[in-house]
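Scroll down for the structure; my scribbles are underneath it.
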Amino acid sequence: MALRFFNTLTRTLEEFQPLEPGRVSMYTCGPTVYNYAHIGNFRAYVFEDLLQRHLEYRGYEVNRVMNLTDVDDKTIRGCRAAGIGLAEFTQPYKVAFFEDLDTLRIKRAQNFPEATASVNIERMIEMISVLIERGHAYKADDGSVYFRIRSFPSYGQLAHFNLDELQPSGRVRSDEYEKEQIGDFALWKTWSEVDGDVWWESPWGRGRPGWHIECSAMATGILGPKIDIHCGGEDNIFPHHEAEIAQSECVTGHQFVKLWMHCRHLQVMGRKMSKSEGNFFTLRDLIEKGRTGREVRYVLLSVKYREPLNFTIEGLDAARTAIARFDEWSRRLAELAGPNGEDLPEELHPEAFGEALDDDLNISAALGALFTLIRDSNRLLSEGKLSAGQARTLLDWRSRINGVLSLDAEEDAIPEAVRQILEKRAEARANKDWKASDLLRDELLDLGWQVKDTKEGQKLSPRATAAVPA
């Protein structure tokens, strides 16, 4: 079965054919490092991780670039409010982002270019100069350089709107805006007092790049003028990705991206995530509450990217149960498996997992196929009808799909808050303070962890929220 993905540009399912056989170039919009990334951000990053892993599962070599936006309106406001330089302000959030990637088992891209790197600033200035020379951009009376959207007849093709119907007027200096505010957008923003010491020299005077030109420069600078896949959240479609297309194609003369893929928004407990609603979570918030990266990854992974995801505590509990079922199945296979594989019984269909992902990354169907296989093979194990060779074949297949799902238990870390309670409980038991020991055990249960006291000491494991089905 050929791989098929939904292209936002054409609004159709298309058979995937990379520009170069066997190789895929992929650009993914990364974080704006003005704060810790929240779980809505990570919904997009986990989707992109699943896409890369499945392409590799199907034998493709993937060259992925994820940018770090470390200069824009938000980062400048943040560093000014903190009273420190831009680099000093953004650095802790860059470090935290990579820590969070590891917690969620998201593969590292081959490149993480930073917008403020001198090579990228130079590339942005070079592209803007070409756009001015070709009549696609101009320096306005406010000193900034703007892209002339009327010079690119295809503007609006990705967001699927008619430029004539919107009747654009004026210019837009801010990085983010709605279609109703459409106008010529900023490529280079002349320095103003609110920018403080954030500026670079350019042919148009001191200033800084607009957000949109940053990604165009980094994407084409590293991957070249034509890219196989560009991903992001649906909120990136307009204006960001629309602007990227216009800028890039007016400079290179080539179609910028062959396949555009966007994931839907994440809601929390049925509502838009918002601090005022009390449903705003960073990954760190969830880890402090006793959840694991593996559980959060499973929830973010488990719904198809083109469908809205409702993130709930009940969903995290269900993830824990599903993972426990996966772990127990893996343990049973490992106990039986011999050194050499054998053909599987006809009733088991491991190929259904990959086929589901081939169909527009349908992870819901893929997980359904996986747990159907777990159920059926567990039954065969219980009935003594699965041979050691067949267990080896299943275990080897499990290892391959784990390269896609990344759910292995040994990769998980015990949250620091849980570790501290466990240490206090060990101390209480050493002092024969059984009441304190019981209270601390209950605290661990509230955080979703159960502890057993053995001759070897305390044994900690995630608390199953329901009996693990066969």
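The values are calculated or read from the model by the stated rules, or taken from the named source; none is laboratory data. Fair warning: this is a prediction, and the values are worked out from it, not measured in the lab. Cβ atoms come from the backbone with ideal geometry, glycine included; neighbour counts cover every protein chain shown. These accessible areas exclude ligands, DNA and RNA; they are computed on the full protein's heavy atoms, side chains included. Shrake-Rupley method; radii C 1.70, N 1.55, O 1.52, S 1.80 Å.
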Exercise for the section: All but one of (1) in a helix (DSSP H, G or I); (2) surrounded by fewer than 20 Cβ atoms within 10 Å (Cβ to Cβ); (3) at pLDDT below 90 hold for Gln450, so report the exception by its number. Expected result: (1)
Exercise for the section: Report yes if some residue within the stretch 248-265 is out of contact with any Cys (no Cβ under 8 Å at 6 or more places or on another chain), open to solvent by 60 Å² or more (accessible area, probe 1.4 Å), part of a loop (DSSP other than H, G, I, E, B) and at pLDDT below 95; otherwise report no. Expected result: yes
Practice task
Tell me, please, whether a residue that is open to solvent by 10 Å² or more (accessible area, probe 1.4 Å) and under 14 Å from the mean Cα position of the chain (by Cα) can be found in the stretch 75-84.
Solution key: no
Exercise for the section: Go through the stretch 146-156 and count every residue that is charged (D, E, K, R) and surrounded by 13 or more Cβ atoms within 10 Å (Cβ to Cβ). Expected result: 1
Problem - Unmet criterion (only one of (1) open to solvent by 10 Å² or more (accessible area, probe 1.4 Å); (2) in contact (Cβ under 8 Å) with a residue 24 or more places away in the chain; (3) out of contact with any Ser or Thr (no Cβ under 8 Å at 6 or more places or on another chain); (4) not aromatic (Phe, Trp, Tyr)) for Leu55 - result: (1)
Practice task
Evaluate the following for Gly143: is it in contact with a Gly (Cβ under 8 Å, 6 or more places away or on another chain), at pLDDT below 95 and open to solvent by 30 Å² or more (accessible area, probe 1.4 Å)?
Solution key: no
Exercise for the section: Determine, yes or no, whether Gly338 is touching a Gly at 6+ places or on another chain (Cβ under 7 Å) and open to solvent by less than 20 Å² (accessible area, probe 1.4 Å). Expected result: yes
Practice task
Could you tell me which residue of the stretch 52-97 is modelled with the lowest pLDDT, considering only residues that are part of a helix (DSSP H, G or I) and touching a strand residue (DSSP E or B) at 6+ places or on another chain (Cβ under 7 Å)?
Solution key: Lys74
Handout entry: Every residue from the stretch 118-129 that is of a type in the set (Val, Ile, Thr) and surrounded by 15 or more Cβ atoms within 10 Å (Cβ to Cβ)
Key = Ile121, Ile125, Ile128
Practice task
List the number of the failed condition for Met273; all other conditions in (1) in contact with a His (Cβ under 9 Å, 6 or more places away or on another chain); (2) crowded, with 21+ Cβ neighbours inside 10 Å; (3) farther than 20 Å from Leu361 by Cα hold.
Solution key: (2)
Completion exercise
Scanning the stretch 353-403 for residues that are hydroxyl-bearing (Ser, Thr, Tyr) and surrounded by 19 or more Cβ atoms within 10 Å (Cβ to Cβ) gives Ser377, Thr393
Completion exercise
Looking across the stretch 279-290 at residues that are in a loop (DSSP other than H, G, I, E, B) and open to solvent by 30 Å² or more (accessible area, probe 1.4 Å), the single one that is nearest to Ser406 (Cα to Cα) is Lys289
Handout entry: Residue within the stretch 296-306 that is outside any loop (DSSP other than H, G, I, E, B), at pLDDT 95 or above, out of contact with any His (no Cβ under 8 Å at 6 or more places or on another chain) and open to solvent by 20 Å² or more (accessible area, probe 1.4 Å) present
Key = yes
Handout entry: So Ala159, is it crowded, with 20+ Cβ neighbours inside 10 Å, in a loop (DSSP other than H, G, I, E, B) and under 26 Å from the mean Cα position of the chain (by Cα)
Key = no
Practice task
Sort out which residues of the stretch 380-427 are modelled with pLDDT under 90, β-branched (Val, Ile, Thr) and either touching an Asp or Glu at 6+ places or on another chain (Cβ under 7 Å) or outside any helix (DSSP H, G or I) (or both), and write them in order of number.
Solution key: Ile414
Exercise for the section: Output the number of the condition that Asp100 fails; it satisfies all remaining conditions of (1) within 30 Å of His160 (Cα to Cα); (2) among the acidic types (Asp, Glu); (3) at pLDDT 95 or above; (4) buried (at least 19 other Cβ atoms within 10 Å of the Cβ). Expected result: (1)
Handout entry: Check on Lys424, in contact with a helix residue (DSSP H, G or I) (Cβ under 8 Å, 6 or more places away or on another chain) and without any contact (Cβ under 8 Å) to a residue 60 or more places away in the chain
Key = yes
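Given the condition open to solvent by less than 30 Å² (accessible area, probe 1.4 Å) and free of Cβ contacts under 8 Å to residues at least 40 places away in the same chain, answer yes or no: does some residue in the stretch 6-24 qualify?
Checked the stretch 6-24: no residue is open to solvent by less than 30 Å² (accessible area, probe 1.4 Å) and free of Cβ contacts under 8 Å to residues at least 40 places away in the same chain.
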Handout entry: Residues satisfying the stated conditions in the stretch 347-394, i.e. on the phi > 0 side of the Ramachandran plot and either hydroxyl-bearing (Ser, Thr, Tyr) or in contact (Cβ under 8 Å) with a residue 40 or more places away in the chain (or both)
Key = Asp360, Leu361
